[in-house]
1. How much accessible area per residue does the chain have, counting only protein heavy atoms and a probe of 1.4 Å, in square angstrom?
2. For Lys38 and Phe13, what is the calculated FRET efficiency with R₀ set at 25 Å and r taken between the beta-carbons, to the nearest 0.05?
3. Hey, if we sort Met129, Met56, Met155 by accessible area with the 1.4 Å probe, largest down, what's the order?
4. Using only Cα atoms, find the angle between the long axis of helix 122-183 and the longest principal axis of the chain, and express it within 0 to 90 degrees, rounded to the nearest 10.
5. As a check on your grasp of the helix formula, calculate [θ] at 222 nm for the chain: sum -39500 (n - 2.57) over DSSP H runs of n ≥ 4, divide by the residue count, round to the nearest 500.
6. Just need the relative contact order of the stretch 32-135 here, percent rounded to a whole number, with Cα pairs under 8 Å and 6+ apart.
7. With angles folded into 0 to 90 degrees, how steeply does helix 111-120 sit against the dominant principal axis of the chain? Use alpha carbons for both and round to 10.
8. Counting pairs of alpha carbon atoms under 8 Å apart in space and at least six apart in sequence, what relative contact order in percent does the chain give?
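The values are calculated or read from the model by the stated rules, or taken from the named source; none is laboratory data. Predicted model, so just to flag it, every value in this text is computed and none were measured. Don't worry about glycine lacking a Cβ; one is built from the backbone with ideal geometry, like all the others, and counts go over all protein chains shown. Ligands, DNA and RNA are excluded from the accessible area calculation, which covers all protein heavy atoms including side chains. Shrake-Rupley method; radii C 1.70, N 1.55, O 1.52, S 1.80 Å.
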Amino acid sequence: TPTVSNGGFATVFDVPLFAQLDESQRVCFSRGTEVRLKAGETLIHEGDPSDAFYVMLQGELRRTIFYGDQEILLGEVIPGEFFGEIEILLDVPNWLLTRVVADSRLFRLPRAGLWELLRTSPPVAREIMRTLARRVRNFEGYTQERGKLIQLGTMAAGLAHELNNPATAARCAAAALRQSVEKV
């Protein structure tokens with residue numbers, strides 16, 4: 001696989017998923033552009049419209065989600081990986097914050113280009129759908145795990161409260177008993 005010096009890919013057609021496309025299937029990529037970003041920049045904010053499919057060529061990104069005030073890391077994007085398919089296929093706004101960790105180059109394919117790619121290349125469509133299913137399954141597992149941790153925290157707080165009440169009652173009873181014994 002052709003790569004650039006620091007582990008990235010020179011073009012989108014060097015990424016293994018897209019390397020086997022024939023000329024008729026590559027036409028949809030003519031709609032796309034290369035995007036260059038510096039470390040610290042934000043590529044996508046939560047709630048932004050889902051208007052593009054991205055293929056990482058070089059660099060590193062982090063994708064996070066907010067639960068209340070807490071920012072949770074859901075994944076990192078490295079060269080050769082893609083993202084943005086979930087939001088386009090479900091026709092929903094972006095639900096993750098995507099920040100640049102290291103100077104990066106990405107290939108940005110507009111929504112219409114992704115739909116054309118899915119229509120003209122069954123092997124690519126199959127891999128994108130397989131990845132989408134894995135991501136949804138992972139997120140569902142993460143959500144269930146988070147729910148269990150919340151329940152465990154609630155249960156622990158309740159248990160601490162219940163243990164504290166009898167302990168306080170026992171201390172009061174012991175103090176009253178001590179006073180009664182001293183009087184007797």
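1. Values: 11070 Å² over 184 residues.
Computed with neighbouring chains in place, this is 60 Å² per residue.
2. Working: r = 25 Å, r/R0 = 1.00.
My answer for the efficiency is 0.50.
3. Numbers: Met129 85, Met56 0, Met155 125 Å².
Ranked from most to least accessible, the order is Met155, Met129, Met56.
4. Approximately 10 degrees, to the nearest 10.
5. Values: 5 runs with 86 residues, N = 184.
Calculated at 222 nm, the ellipticity per residue is -15500 deg cm²/dmol.
6. Values: 212 pairs, mean separation 41.5, N = 104.
So the answer I get is 40 percent.
7. Approximately 70 degrees, to the nearest 10.
8. Numbers: 262 pairs, mean separation 44.0, N = 184.
It comes to 24 percent, rounded to a whole number.
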